[in-house]
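Structure record follows, encoded as structure tokens.
The values are calculated or read from the model by the stated rules, or taken from the named source; none is laboratory data. Since we're looking at a predicted model, the values are computed, not measured. Glycine also receives a Cβ, built like all others from the backbone with ideal geometry; neighbour counts cover every protein chain displayed.
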Amino acid sequence: MTDRDDASPMLRLTGVGFDYGEIRVIDGLDLEVARGELVVCVGPSGCGKSTLLSLLGGHLHPTRGRVVRNGQSRTIYQDGGLFPWLTVAENIARGLPRETAPAAVATKVREWLGITRLAEFAGHYPHQLSGGMRQRVEIARALAGETDLLLMDEPFSALDYQTRNRMRRELVATLAERPRTVVFVTHDIEEAAQLGDRVIVLGARPARVVRTLALPAARPRTPASPGVADAEHAIMEELGLT
């Protein structure tokens, strides 16, 4: 459900559980996400991270407990969702609110092309772009929707290491210019420690929060930034990887 109280956290989950038939995927999960916060969720493979994101976005409803979302959301998936028959500019335009006046569409699209450094590729089609550039279009389209909450499901997992690092910086820079609440799911421990205001570690299925780590405020972070190595070690320890 959606809660319009502006004093509330963007998200509040209380005793949330979700079952696929007889399989208990999530159980007893409590979580709050503040407005403007970037929360990263990590956990073992198959623990229910993507299911949690679907619950946060309202695509699934909890079997038990309560999910309160104080705003509208958009989701970016790892396999992308661009329309292949539309140009970069047209894809971004599809993300704008439906009530956007026709005269304002071109102006808003140019603005987002500039923010994500895609202006010279406005007339290109998705198949003409690199993987990293396609993800920048995804981010621009999602943020252009002016929704309060951005849900990201391992959006950079298919990219090579250098491109993933570049996309992290792109995301941080874009959010600095257009702040948004973000819940980011990843299996990449380095990515979690470099991006999150907080990292939520989920346990094995049925998933629940087993540890919460707060990171230094400054971003972008590198492997050498204060607190990053300690956070990575703590996550690995919690996941049984040390």
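Got at least one residue in the stretch 11-34 being buried (at least 17 other Cβ atoms within 10 Å of the Cβ), in a loop (DSSP other than H, G, I, E, B) and modelled with pLDDT of 90 or more? Looking through the stretch 11-34, none of the residues is buried (at least 17 other Cβ atoms within 10 Å of the Cβ), in a loop (DSSP other than H, G, I, E, B) and modelled with pLDDT of 90 or more. When the criteria are applied in full, Pro179 fails the requirement of being over 30 Å from Pro62 (Cβ atoms) and in the same structural domain as Pro44 (by TED's automatic domain parsing). Could you go through the stretch 149-172 and let me know if any residue there is over 19 Å from Gly131 (Cα atoms), assigned to a helix (DSSP H, G or I) and out of contact with any Phe, Trp or Tyr (no Cβ under 6 Å at 6 or more places or on another chain). No, every residue in the stretch 149-172 fails to be over 19 Å from Gly131 (Cα atoms), assigned to a helix (DSSP H, G or I) and out of contact with any Phe, Trp or Tyr (no Cβ under 6 Å at 6 or more places or on another chain).
As a summary of the residue check, Gly203 satisfies the conditions (1) surrounded by fewer than 19 Cβ atoms within 10 Å (Cβ to Cβ); (2) free of Cβ contacts under 8 Å to residues at least 60 places away in the same chain except for the one numbered (2). Leu113 passes every criterion in (1) farther than 23 Å from Phe184 by Cβ; (2) more than 21 Å from the chain's Cα centre (by Cα) apart from (2).
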